[in-house]
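Okay, structure first, notes after.
The values are calculated or read from the model by the stated rules, or taken from the named source; none is laboratory data. Just so it is clear, the model here is predicted, and its values are computed rather than measured. Neighbour counts are summed over all protein chains in view; Cβ atoms, including those assigned to glycine, are modelled from backbone coordinates with ideal geometry. These area figures cover heavy atoms from the full protein model, side chains too; ligands, DNA and RNA do not enter into them. Shrake-Rupley method; radii C 1.70, N 1.55, O 1.52, S 1.80 Å.
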Amino acid sequence: TELNDQKGIAGQLCYIGEDLRQPGNVADAREYFERALAACRELGDGAAVAMAANNFAEFLAEQREYSQARSLLTGALSIFRQLGNQGSGAWSLNHLADIALHEEDFAEAHRLYREAYDLFPSLGDRWGIARSYADLGRLSSEQNNQDGARSLLEQALKAFLELGHTRGVAMVLERLACVAVCERDFDRAITLVPAAEGLRQ
């Protein structure tokens, strides 16, 4: 602020929002995400606007404010496509799919997850590929296709292990536990949940 660095201010507002979001300071985080988006719009920097919108949308989705989150993500996706930024666009698609899943629009969720998954390999985004397997696995489980869910989640587990991504491994173990519960394999579920909890700790 002292330097009147408007781009720096916009970026910092977003960082503060992310920092406040983690411990659950919802009201304060919202304020900073809103200020960051407004600052980026004042700059007229399309890439910065899209990233700020993406971050704010993720926060809103966590608060179950799906309509506004979808609107922001759709706008961000449009900008990323105009800029030729396929990587960020793929993640916008993934987040839009998350919203569709939360709203139980399974057909739309599948379409969006697949579109993102089709982009990630060509971009060399191994985290994106792993996340796609995990998300498609969760979607299959929600649709009562537990065999398909297990297969996809096992691929996700392998991918996250290869990346050394501990939180990803824990997430997949939790989802495999959900599959086990659906199949009434409670012994397996009871084994998987503490393993995931141990990794998170």
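Against the chain, whose longest principal axis is taken from its Cα atoms, helix 166-182 shows a tilt of about 50°. The Kirkwood hydrodynamic radius of the stretch 47-158, based on inverse pair distances between different Cα atoms, is 14.1 Å. Simple point charges give the picture: +1 on the Cβ of Lys and Arg, -1 on the Cβ of Asp and Glu, and for the stretch 80-171 a dipole about the Cα centre of about 340 debye. Distance distribution P(r), the stretch 157-201, all Cα-Cα pairs, bin width 10 angstrom from 0: 34, 49, 17, 0 percent.
The angle between the Cα long axis of helix 66-83 and the main principal axis of the chain comes to about 70°, on a 0 to 90 degree scale. Find which of Ala69, Ala97, Ala29 sits farthest along the positive direction of the dipole of the chain, computed with +1 on the beta-carbon of Lys and Arg, -1 on that of Asp and Glu, about the Cα centre. My answer, from the dipole projection, is Ala97. Count charges around Met51 for me, please; just the other residues with Cβ under 13 Å from its Cβ, Lys/Arg as +1, Asp/Glu as -1. That sum, taken over residues with Cβ under 13 Å, equals -1. In a reduced charge model with +1 at each Lys and Arg Cβ and -1 at each Asp and Glu Cβ, the stretch 1-147 shows a dipole moment near 300 debye about its Cα centre.
Mean 1/r over all different Cα pairs, inverted: what Kirkwood radius does the stretch 108-176 give, in Å?
Result for the stretch 108-176 stands at 11.7 Å.
Rg then Dmax, both in Å and based on the Cα atoms of the stretch 34-88: 10.7, 30.
Between helix 26-43 and the chain there is an angle of about 50 degrees, using the helix long axis and the longest principal axis of the Cα atoms. Leaving out ligands, DNA and RNA, what percent of the accessible area of the chain is carbon and sulfur, probe 1.4 Å? For the chain, the apolar C and S fraction of the accessible surface comes to 48 percent.
A Cβ-based charge dipole, computed about the Cα centre of the stretch 159-201 with Lys and Arg at +1 and Asp and Glu at -1, lands at about 120 debye. For log10 I(q)/I(0) by the Debye sum over Cα atoms at q = 0.08, 0.10, 0.16 Å⁻¹, computed directly from the structure shown, the correct entry in (1) -0.31, -0.46, -1.00; (2) -0.44, -0.64, -1.10; (3) -0.31, -0.48, -1.10 is (3).
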